[in-house]
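Here the structure is laid out as structure tokens; the discussion comes afterwards.
No value in this document is a laboratory result; all are computed from the given coordinates. Small disclaimer: the values here were computed from a predicted structure and weren't measured. Methodologically, a virtual Cβ is constructed for each residue, glycine included, from the backbone with ideal geometry; neighbour enumeration extends over all protein chains shown.
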Amino acid sequence: MLLSDDYFSVPEEKIKEIESVLTIVDGKPVYGAKEYKKYDPRLPTVIPDWFHVKHYGGFKNTTSK
């Protein structure tokens, strides 16, 4: 895991703002953000086609407030 900042050098109040910008599992990237976004894998196709997650964005949809 590659973090956005060095955990040991940021002020204590900024530790909670540190986030992963690249996560690799078994040698393969599973998450990429910021300058590592190009390594972020595509999500698999939702099956079956009628499943609600495909149309409404799943349970973590923050756009419909």
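Taking every alpha-carbon pair under 8 Å whose residues sit at least 6 apart, region 2-56 reaches a relative contact order of 21 percent.
Can you give the calculated 222 nm mean residue ellipticity of the chain, where each DSSP H run of n ≥ 4 adds -39,500 (n - 2.57) and the sum is split over every residue, rounded to the nearest 500 deg cm²/dmol?
On the way: 1 runs with 5 residues, N = 65.
Helix-only estimate at 222 nm: -1500 deg cm²/dmol.
The packing ranking, built from the mean of other Cβ atoms within 10 Å per residue, places the peptides 41-50, 1-10, 27-36 in the order 27-36, 1-10, 41-50, highest first.
Shape descriptor for the chain: Rg over Rh equals 1.11 (Cα atoms; Rh from the Kirkwood inverse mean 1/r). Dipole check for the chain: with +1 at the C-beta of Lys and Arg, -1 at the C-beta of Asp and Glu, and the Cα centre as origin, the magnitude is about 420 Debye.
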